[in-house]
Structures are given as structure tokens and as C-alpha cells.
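What follows is a set of notes on a single structure, which appears directly below.
The values are calculated or read from the model by the stated rules, or taken from the named source; none is laboratory data. What you see is a predicted model; the values in this text were computed from it and never measured. Please note: Cβ atoms are built from the backbone with ideal geometry, for glycine as well, and neighbour counts cover all protein chains shown.
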Amino acid sequence: QTGHDIYFRREGTLVVAHAADRGALEHYTALLRAHLPAGDGGASMQALGAEQISALEPLLAGRFGQGLYLPQEGQLANDQLYAALAAALDAGLAACGGAWHEGMAIDAVEPAALIDAHGQRHGFDLAVDCRGIGARSSVPGLHGVRGEVLTVFAPGVSLRRPVRLIHPRYAIYVAPRPGGQFVVGATELDSEDAGPPTLRSTLELGSALYSLHPEFGEARVLRLAAALRPALPDHHPVAGPDASGVWRINGLFRHGYLIAPALVRQVEQGIAAALGAPGPQTELRHAA
């Protein structure tokens with residue numbers, strides 16, 4: 001609906017593990033199964049053997065004996081999504097006479113106002129706090145989870161869908177992108193260090209990628225990035241008014257971009273109710 005091309009695929013996710021990590025794969029399988037709805041019948045998760053893995057991803061033929069297929073999962077290129085959303089927001093603001101205010105430090109959020117770093121109060125019909133880590137002083141238990149991501153160029157390697165490699169320390173995904181690129185990540189460290197990627201994490205991401213298939217050994221490193229993602233103690237997000245009446249959307253460090261439509265509909269419904277206007281009916285559900 002933005003009028004921009006965005007790389008999007010819904011061909012599921014493949015989960016694999018090396019022989020030494022099969023116990024971790026079995027544990028992960030049990031966790032997923034515990035959250036499946038009754039009567040799912042394999043719609044959300046399918047156990048695979050070596051031949052089935054090979055059929056889904058020929059590149060991995062003979063490399064893994066067991067795996068999982070999550071057919072309902074999808075992926076998109078988040079950089080393209082951001083660009084498209086920015087353009088759509090610009091167009092929407094222009095149509096309604098609104099304007100961006102960027103580079104303004106906000107110290108506090110009230111139900112109908114923002115308080116900037118100079119103590120000035122900016123009034124609105126409704127204010128929504130989406131500051132991420134910046135809302136630490138307002139959201140009890142909010143903290144940063146450090147994540148590092150590697151982007152490589154490997155035009156001779158072909159994957160149709162994201163592959164999750166069960167790793168002793170992280171949930172590492174190898175996600176194909178247009179133009180022979182692959183995104184590898186992310187590390188997950190309970191730290192608020194916002195510095196550049198570390199050598200240890202770089203080696204772990206690179207070795208995980210190489211262990212998936214040796215052809216990745218000739219991949220060109222395009223980008224290494226590190227950032228903090230907001231998390232709450234129970235690892236569940238919040239999307240609604242708190243006890244003070246402030247609408248807060250936060251704690252989405254584990255939730256992919258594809259949950260955004262359901263999240264937006266839930267927030268629209270709540271805001272419409274708060275303002276006395278009709279809104280869409282939806283419900284956001286999440287699993288641990």
C-alpha cells in the first residue's frame with residue numbers, strides 16, 4: 001500500500017542443528033510444541049529428516065540429519081520497509097498539514113503531552129510513548145539487549161528462506177536478501193553497551209555462517225552493526241496505557257517486523273476507544 005517495492009517472502013523458516021546441538025534442537029521443538037494451538041496438525045511446525053531438508057534447501061543436502069520447518073513464517077527487507085514507511089508518513093503528514101519534529105530529546109511523556117529536555121511542555125490530543133530504551137525511566141524493568149548483525153555478499157550461494165541454526169548461545173538466523181546478500185544474526189547479550197561489534201561476536205556469527213555451508217567462506221563482508229533493543233523482564237511487549245494513562249509501545253526486542261500489522265490494529269483500536277471513536281477490532285497474542 002506504500003507504492004514502493006519491498007522484498008517480502010513467505011516460504012517458511014527452516015531450523016537445523018549440528019549433531020552436537022541436537023539436544024538443543026529437541027528442547028526448542030518441545031518449547032514450540034507447547035505453544036501450538038490444539039489440532040494444529042502440522043500447519044505451524046513440521047519435523048524433517050535429511051531428505052526433506054535437502055528438498056527444501058538443496059544447498060544443505062547431506063549436512064543436517066534433523067530439522068524443523070515452520071511453514072507460516074515469512075521475511076522482509078527491513079531497510080526497504082523503513083524507506084517505504086518514511087515516504088508514506090511524509091505523504092500522510094503533508095495531506096493533513098502535520099510536520100516532523102526530529103532531533104528533539106524527550107524527557108517524559110504524559111497522556112496528552114511531551115516534555116522536552118528543556119522542561120517545555122508540548123500538548124497533543126494523545127501522546128504515545130515509543131521511545132524504546134529512551135523510556136527506561138518511565139517503564140519499570142525496561143533494559144537494553146545488545147544485538148550484533150553481519151551482512152555479507154555471496155552471489156554463488158542460494159537459500160530460498162531464512163535458516164535458523166541452533167547455536168549454544170544465540171538464535172542465529174541466516175536470511176537471504178535480494179542481490180546475493182545474506183543477513184546473519186543476531187547476537188543476544190544482556191548488556192547496554194552501545195559500542196561497535198566485538199571481535200568475539202564477529203567470529204561467532206562468521207563461524208556459524210561458515211558451518212552452515214563452506215561456500216559462505218568466500219562471502220564478502222558488507223556490514224557489521226550493533227544496536228540495543230528494548231526488553232522487559234518477562235520478554236513480552238507492552239502496547240497500551242499504563243497506570244498513569246500514558247500509552248506505551250515497547251519491549252519488542254524479540255518480535256519480528258511481520259507482527260507489526262496486528263500490533264498497529266490493536267493500538268488503533270485502543271486509541272480509538274480512548275478518543276471515543278470507532279476503531280478496528282483485533283487482538284494481539286504472543287508466546288513466550
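Any idea which of 162, 140 is within 30 Å of residue 17 (Cα to Cα) and of a type outside the set (A, V, I, L, M)?
Working: 140 fails: within 30 Å of residue 17 (Cα to Cα).
Only one candidate passes the filter, namely 162.
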Given the conditions (1) assigned to a loop (DSSP other than H, G, I, E, B); (2) within 18 Å of the chain's Cα centre (by Cα), report the number of the one that residue 85 does not fulfil. (1)
When you go through (1) over 24 Å from residue 258 (Cβ atoms); (2) at pLDDT 95 or above one by one for residue 57, which number turns out not to apply? (1)
Six or more apart or on different chains, Cβ under 9 Å: which pairs go from a residue in segment 76-94 that's among the small types (Gly, Ala, Ser) to one that's part of a strand (DSSP E or B) and loosely packed, with under 14 Cβ neighbours inside 10 Å? Could you list them? 77/8
Can you name the number of the only condition in (1) assigned to a strand (DSSP E or B); (2) surrounded by 15 or more Cβ atoms within 10 Å (Cβ to Cβ); (3) not charged (D, E, K, R) that residue 221 fails? (2)
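Which residues, counting only those in segment 131-153, are under 30 Å from residue 218 (Cβ atoms) and surrounded by fewer than 21 Cβ atoms within 10 Å (Cβ to Cβ)?
Restricting attention to segment 131-153, the residues satisfying the condition of being under 30 Å from residue 218 (Cβ atoms) are 146-153.
Listed by number, the residues that qualify are 147, 149, 151, 153.
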Name every residue in segment 224-261 that is among the hydrophobic types (A, V, I, L, M, F, W, C), surrounded by fewer than 16 Cβ atoms within 10 Å (Cβ to Cβ) and without any contact (Cβ under 8 Å) to a residue 24 or more places away in the chain, in order of residue number. 243, 260
Test residue 201 against the criterion of being of a type in the set (S, T, N, Q), out of contact with any His (no Cβ under 9 Å at 6 or more places or on another chain), within 30 Å of residue 156 (Cβ to Cβ) and surrounded by 13 or more Cβ atoms within 10 Å (Cβ to Cβ), and give yes or no. yes
Selection status of residue 223, modelled with pLDDT under 95 and either more than 13 Å from residue 167 (Cα to Cα) or of a type in the set (Ser, Thr, Tyr) (or both): no
Could you figure out which of (1) within 15 Å of the chain's Cα centre (by Cα); (2) modelled with pLDDT of 90 or more isn't true of residue 240? (1)
Identify, by number, the condition in (1) surrounded by 15 or more Cβ atoms within 10 Å (Cβ to Cβ); (2) within 30 Å of residue 140 (Cβ to Cβ) that residue 104 doesn't meet. (1)
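So, restricting to strands (runs of 3 or more DSSP E) that lie completely within segment 102-205, which ones have at least 2 residues that are touching a residue at least 60 places away in the same chain (Cβ under 8 Å) and closer than 30 Å to residue 58 by Cα? I'd like the intermediate steps shown before the answer.
Details: elements: 106-110, 113-116, 121-123, 143-153, 163-166, 171-177, 181-185.
Answer list for segment 102-205: 143-153, 163-166, 171-177.
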Quick check on segment 34-51: of everything there that is assigned to a helix (DSSP H, G or I) and not charged (D, E, K, R), which residue is modelled with the highest pLDDT? 50
Among (1) within 18 Å of the chain's Cα centre (by Cα); (2) surrounded by fewer than 18 Cβ atoms within 10 Å (Cβ to Cβ), there is one condition residue 189 misses while meeting the rest; what is its number? (2)
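Rundown of residues vs (1) closer than 17 Å to residue 161 by Cβ; (2) over 24 Å from the mean Cα position of the chain (by Cα), yes/no style:
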| position | (1), (2) |
| --- | --- |
| 9 | yes, no |
| 18 | no, yes |
| 49 | no, yes |
| 69 | yes, no |
| 81 | no, no |
